[in-house]
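Since every read-out is calculated from the coordinates, none of them should be taken as a lab result. Just so it is clear, the structure is predicted and the values come from calculations on it, not from any experiment. No Cβ is skipped: glycine too gets one built from the backbone with ideal geometry, and neighbour counts run over all protein chains shown.
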Amino acid sequence: MHRVMNPIYVHRNVKSRNIFLDEEFNAKLGNFGMEECHFPEGVETSSGNFYTMRWDRGYIAPELKSSRALITASSDIYAFGVVLLEILSGKPPVSRSKSEKEEEEVLLSTEIKIILQSGIADEKLRGWMDNVLGEKYSFDAAITLANLASACVEDVPSLRPNAGEVVEKLSKLVAELPEGAEEQFSTMSESSCKPLVVKPICD
C-alpha cells in the first residue's frame, strides 16, 4: 500500500481487529472501505460501543489529535507499532490505571517508552511480556521487536520508520529465529485463538 501503489494508499484504520489470520496463520489486512459495509441486524456497531471507541483511540497517532492534521502513511505506521505492542504484551492498546484521585487511560505506546528508557529495561520488559508465552520465546527477539514498535510509535512522524524499513527489520528478525520457533509459535496460537469481531456484510 505504501510503496508499490502509486499514489500510495493509506489504510487509515490499522488495528488488531482488522487483521485476520487464515488457516496457516498468514495475516491479512482487511476492512478497506468499511463505510460501504453494514452489520447483520441486531449487532451493535462500534459507534455505540464505548469500549470499542476507547480501544480505537489507542491507535491514533498524536499528530491526528489536531483537527488540521493530515492522515499520512506515517499514521498507519504508528497504528501498526501499536499492533506489535499488543502481540508482545497481550494487552489492549488502552487500559485503565487507578491513581489515588481518578482513573487514567494508559496507552501501550507510552508504556513501552517508559520501559525502554528505564535503567532496568530488560527486567521490566520480561514482566511486561504476555505471560501466555511463558519462556517459549527468544528474549533477544522480543527486545528487537519492542525497539521496532517503539520507533513506530514515535511522537514525531518523521522519526518513524517507513513501511519498507519495517518489513526489512521484521524479515531479518524472522530469518534469525532459531530452528523450530515458527512451528512452536503456531502451536501456541492454535490453542488460544478465538474470533474477536463479527464479520460485516459488504454490498
Would you list 72, 110 from fewest to most Cβ contacts within 10 Å?
110, 72
Residue order, fewest to most surrounding Cβ atoms within 10 angstrom, among 138, 171, 150, 74
171, 138, 150, 74
Distant-in-sequence amide H partners of residue 90 (H built 1.01 Å from N, under 5 Å):
130
With residue 166 itself left out, Lys, Arg at +1 and Asp, Glu at -1 over residues whose Cβ is under 12 Å from its Cβ give +1
Of the cross-linked pairs 113/172; 28/65; 28/91; 113/169, which ones have a Cα-Cα span greater than 25 Å in the structure shown?
28/65
